[in-house]
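Working notes, structure below.
Values quoted throughout were computed directly from the atomic coordinates according to the rules given, and no laboratory measurement underlies them. Everything numeric in this text was worked out from a predicted model, so none of it was measured. Cβ placement follows ideal geometry from the backbone for every residue including glycine, while neighbour counts extend to all protein chains displayed.
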Amino acid sequence: MSSDPDCIFCRIVSGTIPCRKVHEDAEILAFHDAHPLAPVHFLIIPKHHVASLLECDDSHRDVLGRILALAGRLAVAQGADDGFRTIINTGRVGGQEVYHLHAHILGGHERLPRMLSRT
Ligand code: AMP
Ligand code: ZN
């Protein structure tokens, strides 16, 4: 399925729901997270609907590669020029809330907290 009418991120891709755009090309859209958890917090998504990494296969190799290949340049353009964190929450255990694959890019100038607590 390349677009799901019930999917909030597909509706952002189609322009039905507005976003603050960071980048757009034929395959990929990047936009600021509506509830940022860091000074820089944006999402990079494939324009074609795929629910999560659990649904990805070899046919998604190019777009997955492009998402990661874009991350550094977009992060620097947003001011995260001294490092950033990339998170892809997947499925129930991963705490995914929106079931359209997305990479979070989080940064700013302060060091981010540990990825997971050891306790
Ligand atoms: P996840 O838990 O990885 O599925 O994260 C979903 C993210 O999407 C959250 O950080 C939300 O703040 C963000 N989000 C949900 N709706 C919107 C929206 N309409 N525009 C921008 N970000 C959104
Ligand atoms: Zn979607």
With a 4.7 Å Cβ cut-off, tell me which Cys residues in the chain come up empty for a partner.
-> CYS19, CYS56
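How about the stretch 1-89: which trypsin sites (Lys or Arg not before Pro) there are in a DSSP loop, with at most 10 other Cβ atoms within 10 Å of their Cβ? Each step should come with its number before you reach the end.
Working: sites: ARG11, ARG20, LYS21, LYS47, ARG61, ARG66, ARG73, ARG85; in loops: ARG20, LYS47.
Here the trypsin sites (Lys or Arg not before Pro) that fit, given the DSSP loop and packing criteria, are ARG20.
How much length, in nm to one decimal, is gained on full extension between LEU68 and LYS21, taken as 0.36 nm per residue of separation minus their Cα-Cα distance?
15.2 nm
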Can you give the extra length, in nm with one decimal, that the chain gains between GLU97 and ALA34 once fully stretched, where that is 0.36 nm per residue apart less the Cα-Cα distance?
-> 21.4 nm
In the stretch 31-119, which GluC sites (Glu not before Pro) fall in coil by DSSP and have 15 or fewer other Cβ atoms within 10 Å?
-> GLU97, GLU110
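Expressed as a fraction of 2.2 N^0.38 Å, the rule-of-thumb size for a compact globular protein of N residues, what is the C-alpha radius of gyration of the chain? Walk me through the intermediate numbers first.
Values: Rg = 14.1 Å, N = 119, 2.2 N^0.38 = 13.5 Å.
Ratio of Cα Rg to 2.2 N^0.38 Å: 1.04.
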GNM top mover of ILE17, ILE67, ILE105 - the chain, alpha-carbon springs below 10 Å = ILE17
Taking amide H positions as placed 1.01 Å from N in the peptide plane, with prolines and chain starts having none, which residues 5 or more places from VAL40, or on another chain, fall under 5 Å of its amide H?
-> GLY107, GLY108
Applied in sequence order to the stretch 99-111, the curve 6.51 cos²θ - 1.76 cosθ + 1.60 (Karplus, θ = phi - 60°) yields integer Hz couplings, x standing for Gly and Pro, of 8, 9, 2, 8, 9, 7, 10, 10, x, x, 9, 8, 5
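Could you line up HIS35, HIS109 from fewest to most neighbouring Cβ atoms inside 10 Å? Write out the running numbers ahead of the final one.
Working: HIS35 6, HIS109 12.
Ordered by Cβ neighbours within 10 Å, fewest first: HIS35, HIS109.
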